[in-house]
1. Among the listed residues 343, 289, which satisfies the condition of being farther than 16 Å from residue 379 by Cβ and crowded, with 16+ Cβ neighbours inside 10 Å?
2. Please go through the stretch 362-405 and pick out each residue that is in contact with a Phe, Trp or Tyr (Cβ under 7 Å, 6 or more places away or on another chain) and assigned to a helix (DSSP H, G or I).
3. Would you tally the residues in the stretch 274-319 being of a type in the set (Phe, Trp, Tyr) and either more than 25 Å from the chain's Cα centre (by Cα) or outside any helix (DSSP H, G or I) (or both)?
4. So, of the residues in the stretch 327-340 that are open to solvent by less than 10 Å² (accessible area, probe 1.4 Å) and not in a strand (DSSP E or B), which turns out to be nearest to residue 253 (Cα to Cα)?
5. Would you point out the residue of the stretch 346-358, among those that are in a helix (DSSP H, G or I) and open to solvent by less than 20 Å² (accessible area, probe 1.4 Å), that is farthest from residue 300 (Cα to Cα)?
6. Are there any pairs, at least 6 apart or on different chains, whose C-beta atoms fall under 6 Å, with the first in the stretch 151-169 and within 29 Å of residue 120 (Cα to Cα) and the second basic (Lys, Arg), and if so, which?
7. Identify all residues within the stretch 82-92 that are part of a strand (DSSP E or B) and either over 28 Å from residue 247 (Cα atoms) or open to solvent by 10 Å² or more (accessible area, probe 1.4 Å) (or both); write none if there are none.
Amino acid sequence: MTRSFLSILAFVLACTQSMAQTFSFDGRDKNATQVRPSDTYTNQRGYGYDYQYVIDAARKQQTESFRISEGTFYFSVAVPDGNYRVTVTLGSKKRAASTSVRAESRRLYIQDAATRKGEFKTYSFVVNKHNTDILLPDGKKDVVKITPREKGVIRWDDKLTLEINGASPACSSILIEPVDVPTMYLCGNSTVVDQDFEPWASWGQMFTYWFTDKVAVANYAASGLTSTSFNAQNRLKKILSLLKPGDYVFIEFGHNDEKDKMAGAGAFYNYAHNLKTYVDQVREKGGIPIICTPTERRMLKDGKFTPSHGRYPEAARFVADDLKVGLIDLTSMSQTLYQAMGPEGSKHLLVHYPARTYPGQEKAFEDNTHFNPFGAYEISKLIIRGMKALNLPILQHLKADYIDLDPSQPDSWQSFRWNDSPFLDTVKPDGN
């Protein structure tokens with residue numbers, strides 16, 4: 001369905017703590033206000049089509065490997081920080097369609113929803129929207145000190161942004177309403193963050209795909225961070241200001257901590273101390289901390305995969321055992337995944353592409369740390385595997401059609417589908 005058939009109906013809903021806006025879009029609802037193709041987002045309007053200039057620029061640069069599907073668009077709505085249930089009706093009266101829905105910075109929720117001509121399907125999921133503001137219990141305010149590369153990105157603004165993508169996308173209606181659900185907060189670095197740009201991706205932005213609309217995922221990770229700098233930038237403070245009893249906090253650091261040269265640096269010094277601090281503070285608020293060992297790098301020596309994190313995984317295991325905290329051993333599982341795919345096959349998990357695969361890419365990408373969408377998808381399933389080993393109650397909200405991944409038997413990268421988002425950058429994420 002074309003944009004001219006989209007509609008909007010805005011009204012105010014009283015929530016338990018504050019007044020929050022709910023928006024309903026439905027082109028087939030005659031009582032709703034129609035959104036015209038010219039209704040671009042403005043602060044005054046508070047909703048509208050967004051980032052068209054990014055789509056236009058990407059289309060001008062398309063290559064054989066990087067293409068933006070016709071019908072791709074962004075829609076933004078100004079809402080306060082919080083969790084929002086988004087209900088989308090996908091399909092078109094005029095044609096068959098295949099639609100994917102992402103939110104904020106390429107956070108996956110619906111993949112390849114197929115509809116026949118005249119068929120409509122409805123899906124619901126929960127999106128966490130947050131900005132840098134921190135409201136403390138005493139009424140004082142603080143801010144998250146985001147990194148230079150995070151300034152101006154979708155995931156730190158005052159809007160909830162949806163990306164309608166897919167091989168042939170068609171969206172009929174969208175309803176956005178505030179919701180109070182358990183939240184899983186993510187702390188980490190470039191292997192966890194919602195990567196803003198193609199062709200990079202991380203497990204945090206694929207993790208959202210596996211859960212129903214009864215739970216939210218709030219990703220506060222950022223590229224290049226250590227367990228020290230994450231805290232210094234007030235990201236943990238922001239999480240703690242929002243944390244409710246029974247919420248989860250997943251903690252994955254190590255890649256950048258191991259490069260620290262500051263006083264007291266080391267796996268069993270600053271790193272272990274920081275992990276304990278996170279655990280103590282989360283527990284004090286009634287949250288449930290989960291420690292994740294760092295995903296392994298694709299490191300080869302004499303044709304064999306070799307560990308790259310020194311004693312950092314060992315330190316994470318020690319802290320988890322000492323504090324009786326749930327542990328997900330991503331280091332071991334990701335190494336098994338690499339081994340199963342082999343020296344060449346494992347490249348398909350990471351950002352390994354020949355020169356000129358992407359616009360402006362003059363040199364080959366040979367990144368052995370950062371994942372592409374398929375690799376992020378696989379690592380997110382390893383997180384679920386680790387959660388199942390811990391028998392976490394939050395898994396009651398796992399989608400019924402979820403299929404487990406044994407890292408020794410990877411999914412087929414040839415069968416994985418991902419339609420490129422218009423946001424592209426040839427500069428690799430911070431950190432290694």
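The values are calculated or read from the model by the stated rules, or taken from the named source; none is laboratory data. What you are looking at is a predicted structure, and each value in this text was computed from that prediction instead of being measured. When we count neighbours, we look across all protein chains shown, and the Cβ atoms used for this are built from the backbone with ideal geometry, even at glycine. These accessible areas exclude ligands, DNA and RNA; they are computed on the full protein's heavy atoms, side chains included. Shrake-Rupley method; radii C 1.70, N 1.55, O 1.52, S 1.80 Å.
1. 289
2. Passing the criteria: 373, 374, 376, 377, 379, 380, 383, 384, 394, 397.
3. So the first thing to find is which residues in the stretch 274-319 are of a type in the set (Phe, Trp, Tyr), and the list is 278, 305, 312, 318.
From what is left, the residues that are either more than 25 Å from the chain's Cα centre (by Cα) or outside any helix (DSSP H, G or I) (or both) are 305, 318.
Looking only at that region, the number is 2.
4. Looking only at the stretch 327-340, we keep the residues that are open to solvent by less than 10 Å² (accessible area, probe 1.4 Å), and these are 328, 330, 334, 337-338.
If we keep only those that are not in a strand (DSSP E or B) as well, we get 330, 334, 337-338.
Working: 330: 11, 334: 15, 337: 20, 338: 20 Å.
Only one residue tops the list, namely 330.
5. Among those that are in a helix (DSSP H, G or I) and open to solvent by less than 20 Å² (accessible area, probe 1.4 Å), it is 349.
6. Between residues of the stretch 151-169 that are within 29 Å of residue 120 (Cα to Cα) and residues that are basic (Lys, Arg), the close pairs are 160/129; 163/102.
7. 82, 83, 85, 87, 89, 90, 91 - these are the residues of the stretch 82-92 that are part of a strand (DSSP E or B) and either over 28 Å from residue 247 (Cα atoms) or open to solvent by 10 Å² or more (accessible area, probe 1.4 Å) (or both).
Okay, residues lined up against (1) closer than 25 Å to residue 220 by Cβ; (2) hydrophobic (A, V, I, L, M, F, W, C); (3) part of a strand (DSSP E or B); (4) out of contact with any strand residue (DSSP E or B) (no Cβ under 8 Å at 6 or more places or on another chain):
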site: 42; (1), (2), (3), (4): no, no, no, no
site: 57; (1), (2), (3), (4): no, yes, no, yes
site: 65; (1), (2), (3), (4): no, no, no, no
site: 70; (1), (2), (3), (4): no, no, no, no
site: 76; (1), (2), (3), (4): yes, no, yes, no
site: 80; (1), (2), (3), (4): yes, no, no, no
site: 94; (1), (2), (3), (4): no, no, no, yes
site: 98; (1), (2), (3), (4): no, no, yes, no
site: 102; (1), (2), (3), (4): yes, no, yes, no
